[in-house]
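Since the structure comes first, as structure tokens, the remarks are kept for the end.
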Amino acid sequence: MMSRDNDENWMRYALQLAERADEEGEIPVGAVLVLDNRIIGEGWNRPIGRHDPTAHAEIAALRQGGETLQNYRLLGATLYVTLEPCIMCAGAMVHSRISRLVYGASDFKTGAAGSLIDILGHPAMNHKVEVTAGVLAETCSSRLSDFFRRRREEIKAKKTRAASGEL
Ligand SMILES: [Zn+2]
């Protein structure tokens, strides 16, 4: 059984991966896929840079996990992600047959693990993913709100410069 400490350690690693997204100007979300306490996949959000609407952190981690195991079924794996997954990523988790999802911040706009809709807990699903929510939730959510605050400030500064004829 995974301990709470263990979950927090992997979530810290997922937060480091989220930094890479930030450095690339993407919404900072990171994901790491773990099997038997070993990383089999990891990724960060990069749809803008990749020109790919599916390039979410979770999808990248699941794809790499499949490559690592040479199997499209990732039985027994746990996916750690800093933000509650969207509908697409929750669907991919069902297809991948991972055992467990651990996420940090809830996403009330697009979360598909219960916030907006509950894909993973839906009774019609042929595969059940165990969900642990809210691991390092405050750190994960302040990481995201920092990003959006910075972005708003950048947009505001740009508008101010444009208004004063500097641009
Ligand atoms: Zn997603």
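The values are calculated or read from the model by the stated rules, or taken from the named source; none is laboratory data. Everything quoted here is computed from the prediction, not taken from an experiment. FYI the Cβ positions are ideal-geometry reconstructions off the backbone, even for glycines, and counts take in every protein chain you see. Areas reflect the complete protein model, heavy atoms only, side chains present, ligands, DNA and RNA absent. Shrake-Rupley method; radii C 1.70, N 1.55, O 1.52, S 1.80 Å.
Normalising by the residue count of the chain, find the relative contact order in percent from Cα pairs under 8 Å and 6+ residues apart. Answer for the chain is 17 percent. Rolling a 1.4 angstrom probe over the range 68-167 with all protein chains present gives an accessible area of which 56% lies on carbon and sulfur atoms. Loop-located GluC sites (Glu not before Pro) in the range 1-110 (DSSP state other than H, G, I, E, B) with a sparse environment of at most 14 neighbouring Cβ atoms within 10 Å: Glu24. Computed 3J(HN,Hα) for the range 158-163, one whole-Hz value per residue from the Karplus formula 6.51 cos²θ - 1.76 cosθ + 1.60 where θ = phi - 60°, is 5, 5, 4, 4, 5, 5, glycine and proline marked x. Restricting the range 68-167 to chymotrypsin sites (Phe, Trp or Tyr not before Pro) that sit in a DSSP loop and have at most 15 other Cβ atoms within 10 Å of their own Cβ leaves Tyr72, Phe108. How about the range 1-94: which trypsin sites (Lys or Arg not before Pro) there lie in a loop by DSSP and see at most 14 other Cβ atoms within 10 Å? Answer in residue order: Arg73. Based on DSSP H segments of at least four residues, each scored -39500 (n - 2.57), the chain has a per-residue ellipticity at 222 nm of -14500 deg cm²/dmol. Can you compute log10 of I(q)/I(0) for the range 1-124 with the Debye formula, treating each Cα as one identical point scatterer, at q = 0.11, 0.19 Å⁻¹? Taking Cα atoms of the range 1-124 as identical point scatterers yields -0.32, -1.01. Against the longest alpha carbon principal axis of the chain, how many degrees, from 0 to 90 and to the nearest 10, is the axis of helix 87-96 turned? The angle comes out at about 30 degrees. Of all aspartates and glutamates in the structure, those lying under 20 Å Cα to Cα from Lys158, and not within fewer than 8 positions of it along the same chain, are Asp22, Glu23, Glu24, Glu26, Asp146, Glu166. Take the range 56-151 with all the other protein chains still there, run a 1.4 Å probe, and you get 48 Å² of accessible area per residue. Give the residues of the range 33-56 whose amide nitrogen is closer than 13 Å to a point set 7 Å from the Cα of Glu67 in the direction of its Cβ. Residues 40-44 fall inside that zone. Compared with the dominant principal axis of the Cα atoms in the chain, helix 57-69 is inclined by about 40°. Listed values for the range 133-138 are Karplus-derived 3J(HN,Hα) couplings in whole Hz (6.51 cos²θ - 1.76 cosθ + 1.60, θ = phi - 60°), namely 9, x, 7, 6, 4, 5, and x replaces Gly and Pro. Between Arg38 and Glu23, the contour length at 0.36 nm per residue exceeds the alpha carbon distance by 2.8 nm. Charging the Cβ of each Asp and Glu at -1 and of each Lys and Arg at +1, and nothing else, the dipole of the range 1-124 about its Cα centre rounds to 380 debye. Among Asp5, Asp22, the order of accessible area from largest down is Asp5, Asp22, computed with a 1.4 Å probe on protein heavy atoms. Between Met93, Met125, Met11, the GNM of the chain built on Cα springs shorter than 10 angstrom shows Met125 fluctuating the most. As a calculated quantity, the FRET efficiency between His95 and Ser115 at R0 = 25 Å, using C-beta atoms, amounts to about 0.75.
Length available on full extension from His127 to Asp5: 0.36 nm per residue minus the Cα-Cα distance, which gives 41.2 nm.
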